[in-house]
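Participant: My questions all concern the structure below.
The values are calculated or read from the model by the stated rules, or taken from the named source; none is laboratory data. What you see is a predicted model; the values in this text were computed from it and never measured. We place every Cβ from the backbone using ideal geometry, glycine too, and count neighbours over all the protein chains shown. Only protein heavy atoms, including side chains, enter the accessible area calculation; ligands, DNA and RNA are left aside. Shrake-Rupley method; radii C 1.70, N 1.55, O 1.52, S 1.80 Å.
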Amino acid sequence: MKYIVVTGGVMSGIGKGIVSASIGSLLKHSGYRVEIIKCDPYIQMDAGTMSPYEHGECFVTHDGGEVDLDFGHYERFLDQQVMFANSITTGQIYQSVITKERKGEYLGQTVQVIPHIVDEVILRIKNVGDKLAAQNGDKAVVVIEIWGTVGDIEGPHFFEAVRQLDTSLDDTVQFVHVAPLVRHSYNGEVKTKPLQHSIQKLREIGIIPDYVVTRTPSDVSDIPTDKISKLCGIPANHCIHCPDRSTIYQVPVDFEVQWFDQQIQEAFGRSYMPPKFEEWKQRVDMLLDPKKEINICIAGKYTELDECYLSVIEATIHAGVHFDAKVDIYRLDTVAVQEQGEQYIADFFNTHDIKGLIVPGWFGERGLEGMITVAKYCREHKVPYLGICLGLQVAVIEYARHILWYTDANSAEFDPSSSHLVIDLMVSQQWVEQKWGTMRLGHYEAILDPSSKVARIYSKSKITERHRHRFEVSEDFHKALSDIGNLKLSWCSPDRKLVEFVEYTSHPYFVATQAHPEFESAFLDPHPLFREFVRVSLWWSTMTKQSLRDKVTSTDKSVDKENEVVNNTSSPKTHIDPKKTNIIEQNERRRQLHTTPWDQQHAWSTHNNASKNTISNTTQTKKKSSTYYEQQIKHRQHKQKKHKSTPESQRSFQQKLASSVVVWPPGSMVFKSDT
């Protein structure tokens, strides 16, 4: 069995996870079967109960493990699932050893760190390696990343385990040490002393690195490679340079240029197989020199740190590369929205030229009302919206409050006293007291409505997504939510009790899911929901740029022609001048007249007075038009003045328009009104 152990020195956060993922990606593209293990020294059983401010996001594996965010890098670089068994924590090790001791499995021995704790670590590493080797033979490689830095008080048992692994006659182990180089600010001289001390500490515990990966803020032409080679006892070509890059996906390319993968393969006694990296390099080039650019907003409460929403950001970037577009991420603090209101959103969107918005998942009441306001703004202004986990629950609460007029609608998580708990605790969770590992975790199937946008996006009727939640759309409100208006539950778990997706049928892209699709996205394989979200946002950006948003209901253009517009039209940044707010407002009013007929009619039937005010205001600034939909709207206005609409008249109007086929957005979504 072949192992590659990645360690770090001097300081944490130096990039061991990216180095491990890059090595794994190179080997996989060379024909090897790769697994990556991470050893974390914290006492927790997993990362599920850690604060995002301390540990970043919690990544969820396919089989339901809550693990460190580095596992997201592993999956995105390898484009394969990494299981919970690949996450080894000190808490797991000690719990297992103590459980065995209580069962009498050590037969009266004195249980100690060496050998019992170390043996348990080796056992778990070998379990992953042996399973991989049994399926793939000599082409199986396990990469092991050890958290933290050499010399930390928390990690000696992990370092001792990999040292003993190296002494096994059956295994081949190569050690890669990652450490920074320091440049003096006053004279620009590059210093290697921190790296030397780090390697010296590694040698003290019996590990001699085979490769040293030097981390620098930028390309450094005067790195003393010969000095590092002599002081660290490695060949000069085993000193691999890894400068900061504008994208982490360039790191494997840098490694290949320095023949890092060839040296590893030859050290394993195999002839060199170059990686099939053409598509990867093409996408990196597209990422570095995109033809289009678009600004996307993430609305949440953890806006200070990118790592809190790392997988969402990366999944959006993957989708942007698919369309040769650079995605610039802006973070909207929903706590500020909650304090300052909807005008704060409008100002933020105008200032940063936002063309799409994502509400990601998390827990806690802080910033919730701000998220609801954001969902309302996107629904009313036709801004592309992607809701993830809590983002779905927020969308349902907003719809219940402002369309169904359940003014106190809320979630049992935030306001259990509400008379309209449209979001409630799942039945399976009602008697759960233990927090760790008890949520609805891992992959679950979902059945899609064949007539829904979501089914067209996936091109499937049954899909599998990862989950991490306790609360769901209450089954008591399924009928009320789907019977009124244009919110579509599209749809559910196989037992038809849990809502997995909701969407607005008359919106360019308003889709929300209870799942976490960001965990399934990879650099070479963007997730369908993110891909369609970015595609529509690019289209919406193009329409805004050309002042053509008032023509979104045109039906005389073919799907292929609209796809060509989306794929070929560049979309550079366009900053809106705050002084032209009146013009923007007028364009918004024009756009509102061109919503789909069933959406406009729903506005008449559910909030009659508000609709009258809106339509009367728009008609003051709108010139006469001969389009079919404007005539229908004006005709409806005239009828409302004469008599109040009745359910019978509404149904009659819907039947007249039931055969209307509307392409919205152009390129993929062709759908009929669902009454």
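Participant: Bin width 10 Å, alpha-carbon pairs only: give the P(r) of the range 138-208 as whole percents, running from 0 to the bin holding the largest distance.
Facilitator: Spelled out bin by bin, the range 138-208 gives 16, 43, 25, 12, 3, 0 percent.
Participant: Suppose we look only past 18 Å in the calculated P(r) of the range 56-107. What percent of the Cα-Cα pairs does that tail hold?
Facilitator: Pairs farther apart than 18 Å: 43 percent.
Participant: Compute the Cα gyration tensor for the range 428-541, then decide on rounded, prolate or oblate, letting a ≥ b ≥ c be the square roots of its eigenvalues: rounded whenever a/c is under 1.5, prolate when a/b is larger than b/c in the other cases, and oblate in all that remain.
Facilitator: Because a/c hits 1.5 or more and a/b fails to exceed b/c, the range 428-541 counts as oblate.
Participant: Name the residues whose placed amide hydrogens come within less than 5 Å of the amide hydrogen of Thr505, ignoring near sequence neighbours (fewer than 5 apart) on the same chain.
Facilitator: The answer is Lys488.
Participant: Given the C-alpha atoms of the range 195-351, compute the convex hull and give its volume per residue in Å³.
Facilitator: Convex hull of Cα atoms, per residue: 173 Å³.
Participant: Amide H neighbours of Ile240 under 5 Å, counting only residues 5+ apart in sequence or on other chains, H built in-plane at 1.01 Å?
Facilitator: Val212, Val213, Thr214
Participant: Among the listed pairs Lys191/Lys230; Lys291/Lys453; Lys382/Lys453, give every one whose C-alpha distance is greater than 21 Å.
Facilitator: Lys291/Lys453
Participant: Beyond 19 Å, what share of the Cα-Cα pairs of the range 13-84 is found? Please give it as a whole percent. Kindly include the intermediate steps, with their values, before the conclusion.
Facilitator: Details: 857 of 2556 pairs.
The calculated P(r) of the range 13-84 puts 34 percent of pairs beyond 19 Å.
Participant: Same structure, new question: Can you list the HN-Hα couplings for the range 116-126, worked out from phi with the Karplus curve (6.51, -1.76, 1.60; θ = phi - 60°), rounded to whole Hz and with x for Gly and Pro?
Facilitator: 5, 5, 5, 4, 5, 5, 4, 4, 5, 5, 5
Participant: Here's another thing I want to ask about it. How much net charge surrounds Ile372 when only the other residues with a Cβ under 14 Å from the Cβ of Ile372 are counted, with Lys and Arg +1 and Asp and Glu -1? Could the numbers behind the result be given before it?
Facilitator: Details: positive: Lys301, Arg366, Lys376, Arg379, Arg401; negative: Glu339, Glu342, Glu365, Glu369, Glu380, Glu398, Asp408, Glu413, Asp415.
Once all neighbours under 14 Å are counted, the net charge is -4.
Participant: Also: So what are the radius of gyration and Dmax for the Cα set of the range 1-148, in Å?
Facilitator: For the range 1-148, the Cα-based Rg and Dmax read 15.9, 49 Å.
Participant: Oh, and also: Please give the per residue accessible area of the range 80-202, computed with a probe of 1.4 Å over protein heavy atoms only, in Å².
Facilitator: Ligands and nucleic acids excluded, the result is 49 Å² per residue.
Participant: Within a Cβ distance under 10 Å of Gly151, other residues only, what is the Lys/Arg minus Asp/Glu net charge? Walk me through the numbers on the way to the answer.
Facilitator: Values: positive: Lys201; negative: Asp152, Glu204.
Here the charged neighbours net out to -1.
Participant: Given H placed on each backbone N at 1.01 Å, which residues far from Gly300 in sequence or on other chains put an amide H within less than 5 Å of it?
Facilitator: Leu332, Thr334
Participant: What Rg and what Dmax come out for the range 244-300 when only alpha-carbon atoms are used, in angstroms?
Facilitator: Rg and Dmax of the range 244-300, Cα atoms, are 16.0, 51 Å.
Participant: Rounded if a/c is under 1.5, else prolate if a/b beats b/c, else oblate: with a ≥ b ≥ c from the C-alpha gyration tensor eigenvalues square-rooted, which is the range 163-275?
Facilitator: Oblate, since a/c reaches 1.5 and b/c is not below a/b.
Participant: Relative to 2.2 N^0.38 Å, what does the C-alpha radius of gyration of the range 268-341 come to as a ratio? Two decimals please.
Facilitator: Taking N as the residue count of the range 268-341, the ratio is 1.58.
Participant: A 26 angstrom limit on the alpha carbon distance is what I want to check against. Which of Lys376/Lys479; Lys276/Lys460; Lys16/Lys227; Lys28/Lys201 exceed it?
Facilitator: Lys276/Lys460; Lys28/Lys201, as the Cα separations exceed 26 Å there.
Participant: Given a 1.4 angstrom probe, I'd like the percentage of the accessible area of the range 367-490 that is carbon and sulfur, rounded to a whole number. Each step should come with its number before you reach the end.
Facilitator: Numbers: 2390 of 4720 Å².
Roughly 51 percent, rounded to a whole number.
Participant: Same structure again: Using the per-residue mean of other Cβ atoms lying within 10 Å as a proxy for protection, in what order, highest first, do the peptides 142-149, 84-91, 55-62 fall?
Facilitator: On the way: 142-149: 24.5, 84-91: 20.4, 55-62: 22.9.
The most tightly packed comes first, giving 142-149, 55-62, 84-91.
Participant: Then there's this: Report ³J(HN,Hα) in whole Hz for each residue of the range 62-75, in order, from the Karplus equation J = 6.51 cos²θ - 1.76 cosθ + 1.60 where θ = phi - 60°; Gly and Pro get x.
Facilitator: 4, 8, x, x, 9, 10, 5, 4, 4, 5, x, 4, 4, 5
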